Amino acid sequence: MIEIKNVSKCYGEKKVVDGLSFSIKQGELFGFLGPNGAGKTTTIRMMIGLLKPTEGEVWINHLNVLQHMKQVQADIGVVFEAPNLYVRSTIRENLNLFASLYSLPAGRVDEVMESLQLQDRSSFKVSQLSKGWKQRVLIARALLHQPRILFLDEPTSGLDPNTAALIRDFIKQFKQAGTTIVLTTHDMIEADELSDRVGIMYNGKLVAMDHPQTLKSTYGKKELRIEFMKDGQIVIKKFPTDGKETAKQVYDLMTEREIVSIHTKEATLADVFAALTGSELS
Ligand SMILES: Nc1ncnc2c1ncn2[C@@H]1O[C@H](COP(=O)(O)OP(=O)(O)OP(=O)(O)O)[C@@H](O)[C@H]1O
Ligand SMILES: [Mg+2]
């Protein structure tokens with residue numbers, strides 16, 4: 001569905017995206033992770049034709065994005081971190097304007113407003129809305145023309161946990177309906193929960209790309225954590241689950257000390273991120 005062929009972007013001397021090549025299948029949810037400044041937004045802007053690559057090409061649905069902007073745009077919906085709504089207009093006016101650009105049938109705006117629970121606020125000016133509500137309007141706008149591909153750049157960043165969960169539920173619904181989705185996020189739990197495949201970007205390059213579970217077993221370490229009493233204090237000790245020494249050390253600890261708790265901690269995507277990008281986790 002999306003093909004990125006040897007794409008680079010330079011600003012002056014600086015190569016901010018460096019020779020990316022990968023593809024995203026139809027119906028796949030691709031989670032794009034990486035520290036601030038890694039080049040994720042720049043890559044997405046090139047994917048949707050907003051920015052011309054210095055080198056390379058992006059193809060969406062067998063069309064070269066820059067050569068077939070209009071056709072490609074009919075297929076995609078975009079939610080970006082910087083809101084670009086008409087702030088002096090109401091929610092309904094914003095959505096109506098977009099609907100008319102795409103010549104959508106009357107009623108589509110109401111349908112989308114209902115699914116995002118925006119009706120009660122339809123006559124609010126966008127300037128009066130909080131960040132989370134603006135985000136809902138942006139998502140509503142991106143969905144109006146029922147795109148087959150959605151690009152979501154940090155859709156839940158800065159939202160309260162309930163609103164973020166609501167937006168994640170929407171993302172899951174679109175995925176179930178077969179929408180291909182490219183998502184960037186700094187929330188590792190969100191990336192793990194939603195993504196079929198995760199790409200980790202660092203200094204303009206993809207340093208890993210795989211299913212979250214595969215990444216966790218490749219780069220993350222499971223560990224055994226034991227809390228025990230020593231001189232009247234609780235002490236925590238961590239052991240590798242696969243270390244040869246672990247069995248003996250745990251045995252010694254269990255015979256010599258009063259154990260408070262024992263549990264294993266699974267590797268997380270945050271561990272993978274830290275291993276690959278030097279803990280530059282936001
Ligand atoms: N118009 C521009 N001119 C010069 N440099 C730019 C421009 N746009 C982006 N950059 C630089 O390109 C690099 C990648 O930026 P980008 O916004 O793609 O990062 P990101 O991975 O999306 O980061 P974040 O997690 O903070 O959103 C950064 O170093 C940024 O300063
Ligand atoms: Mg960004």
Determine the relative contact order of the range 102-189: mean sequence separation of Cα pairs under 8 Å and six or more apart, normalised by residue count, in whole percent. 29 percent
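Per-residue ellipticity at 222 nm for the chain, helices alone: DSSP H runs ≥ 4 residues times -39500 (n - 2.57), over residue total, nearest 500 deg cm²/dmol?
Numbers: 10 runs with 98 residues, N = 282.
Taking each H run of at least 4 residues, the total per residue is -10000 deg cm²/dmol.
What's the local net charge at residue 187, with K and R +1, D and E -1, over the other residues with C-beta under 11 Å away? Present the calculation step by step, with values, prior to reporting the outcome.
Values: positive: 168; negative: 154, 190, 192, 193.
Taking every Cβ under 11 Å from that of residue 187, the sum is -3.
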Placed amide H near residue 2: partners under 5 Å, 5+ positions off or other chain: 24, 61
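How high is the relative contact order of the chain, in percent, counting Cα pairs under 8 Å that sit 6 or more residues apart? Please report the intermediate quantities before stating the final value.
Values: 495 pairs, mean separation 60.2, N = 282.
Taking the mean separation of contacting Cα pairs over the length of the chain, I get 21 percent.
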Charges only on Cβ, +1 for Lys and Arg, -1 for Asp and Glu: so what's the dipole of the range 35-113 about the Cα centre, in debye to the nearest 20? 160 debye
How much of the calculated P(r) for the range 221-266 lies past 11 Å, in percent of all Cα pairs? 64 percent
Rank 211, 171, 272 by how far each Cα sits towards the positive end of the charge dipole of the range 140-282 (+1 on Lys, Arg Cβ; -1 on Asp, Glu Cβ) and give me just the farthest. 211
Using Stokes-Einstein with the Kirkwood hydrodynamic radius over Cα pairs, what translational diffusion coefficient do you get for the chain at 10 °C and a viscosity of 1.306 mPa s, in µm²/s rounded to a whole number? 75 µm²/s
Simple spin-label estimate for residue 227/residue 165, 7 Å along Cα→Cβ, in nm, reads 2.5 nm
Whole-Å distance, taken between Cα centres, linking the range 212-229 and the range 21-69: 33 Å
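Counting only DSSP beta bridges with both residues in the chain, what percent are antiparallel, rounded to the nearest 5?
Values: 34 of 51 bridges.
Percentage antiparallel, nearest 5: 65.
Where a number appears in this text, it was derived from the coordinates with a stated rule and is not lab data. All values reported here derive from a predicted model rather than from experimental measurement. Using ideal geometry, Cβ is built from the backbone for each residue, glycine included, and neighbour counts are taken over all protein chains shown.
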